[in-house]
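Here is the structure we will look at.
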Amino acid sequence: MRGGKNQEREPGRSHERSMYANMGDLHLKRMKNASTAKEIPAAKNTHHRVILILGVLLILVFITLLTLTTFLFISYKSVGEEMSQMRNGSLSRDVQSIQASVRNLEKVQTAINSNVKYNLTDEVTASLSSDIQRILGFLGKVAEALQKSSSNPLCSEGWRHNGLSCYYLSSDSIPWNASKKECENKGAHLVVINGEAEMNFLRGIANKQSIWIGLTDADGTWRWVDGTSYDITPKFWEKGQPDDWKGHVVGGGEDCAMLRHGHEWNDGHCTEIIKYICEKKIF
């Protein structure tokens with residue numbers, strides 16, 4: 001009988017042990033779930049911190065690059081300005097050298113113009129004059145090269161460069177004397193034509209218009225306004241000109257020269273209303 005009771009109690013104890021085991025497993029599962037729940041927010045927080053750190057690093061890199069770029073730009077600009085000043089200084093010295101050469105040539109030209117005083121033969125005079133024209137032509141090419149390489153043009157706005165001079169074509173039409181005064185007010189003079197190349201340049205500017213030039217015989221002898229000898233310069237008169245025609249209604253002869261229709265010279269009455277061209281020496 002005792003044995004039977006013991007046998008009856010064993011299934012009850014087995015059931016209790018099974019219940020305790022199940023409760024233990026449930027408790028372990030709950031503990032694991034709680035641990036997992038804690039790990040997930042921690043992982044999320046770590047991920048966010050990594051992203052934040054990377055963002056800060058990117059911002060720092062951007063600021064560093066921006067600072068370096070600004071510094072390099074300022075340095076480049078400073079060096080560029082220094083180089084520009086050096087080039088301008090070199091150009092200035094070249095211009096001064098050319099100015100000295102031109103002044104020396106002008107002295108020789110004055111001597112040639114006074115060939116009677118210096119007893120120069122016609123052959124010597126012609127030879128020297130030719131040499132001077134060649135040298136002046138070379139200096140004109142140098143001046144053109146300087147203008148192309150310089151940031152500051154040799155001629156002011158509204159003026160056109162050719163050789164060693166700047167030229168201004170007027171937009172208004174006025175008499176010869178008024179034209180002469182207008183050019184002088186601009187620090188220039190009515191154009192003086194010294195050679196074929198200059199004449200061709202003026203033909204291009206005139207574009208078939210009639211324009212005053214700086215030549216007059218108001219005192220009975222043809223003279224250029226800047227004192228250049230009329231005798232040593234080439235002549236581009238139209239056939240039959242100058243004729244000093246006196247049939248004008250206003251009276252008097254024709255004492256002022258013009259580039260008629262942008263082609264050849266003609267003497268006209270000084271009160272005619274036409275355009276004019278001023279010339280200003282670069283040096």
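Some observations on this one:
- A cut-off under 12 angstrom between Cβ atoms defines the neighbours of Glu272, and their net charge, with Lys, Arg +1 and Asp, Glu -1, is -1.
- Overall Cα dimensions of the range 160-281 - principal axes, largest extent first, Å: 39, 28, 27
The numbers here are math on the coordinates, done by the rules we state, and not lab data. Predicted model, so just to flag it, every value in this text is computed and none were measured. Here Cβ is always computed from backbone atoms with ideal geometry, including for glycine, and neighbour counts include all displayed protein chains.
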